[in-house]
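The values are calculated or read from the model by the stated rules, or taken from the named source; none is laboratory data. No experiment lies behind these values; they were computed from the predicted model shown. What goes into the accessible areas is simple: the full protein's heavy atoms, side chains included, and nothing from ligands, DNA or RNA. Shrake-Rupley method; radii C 1.70, N 1.55, O 1.52, S 1.80 Å.
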Amino acid sequence: MAHAPRSALSLLNTDGRAHPRENALAFVTIALGLVAAVSGFFTGLHALASWAGLIGVLVGGWGQMVSATTGERFLLVIGMGGAGFGLYMGIVNGGFLG
């Protein structure tokens, strides 16, 4: 019996239905968390780290409330962790405005 190839989105949509809004929130949270975490290591990018972290935590929180599958929640938690780290590092290095 032949099996259909699995895509990355099929790992998020484990219930067999498409969730474009929830998947988009998960990927945006991952992207913002990555930007915040990486820019949090540089003192000159404290404003970027702070704002990206804050927006990432807020988007991730909203995504947690509307998520439908465990895969989406997993990505949201990872992204929110990076966003929170970047937010804290950005605040330590100078805050939102400097």
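The Rg/Rh ratio for the chain is 1.14, where Rg is the radius of gyration of the alpha carbons and Rh is the Kirkwood radius.
Largest accessible area first, the listed residues Leu97, Leu48 line up as Leu97, Leu48 when surface is computed with a 1.4 Å probe on the assembled protein chains. Determine the share of region 9-98's accessible area contributed by carbon and sulfur atoms, expressed in whole percent, with a 1.4 angstrom probe. Here it works out to 77 percent.
Phi angles of region 92-98 translate, via the Karplus equation with coefficients 6.51, -1.76, 1.60 and θ = phi - 60°, into HN-Hα couplings of 4, 7, x, x, 6, 10, x Hz per residue; Gly and Pro are given as x. Annotation: amide H of Ala68 has no partner in the under-5 Å range at sequence separation 5 or more or interchain, hydrogens built in the peptide plane.
Computed over the chain, relative contact order equals 38 percent, with contacts defined as Cα pairs under 8 Å that lie 6+ residues apart.
For the chain, the solvent-accessible area works out to 60 Å² per residue, with a probe of 1.4 Å and every protein chain left in place.
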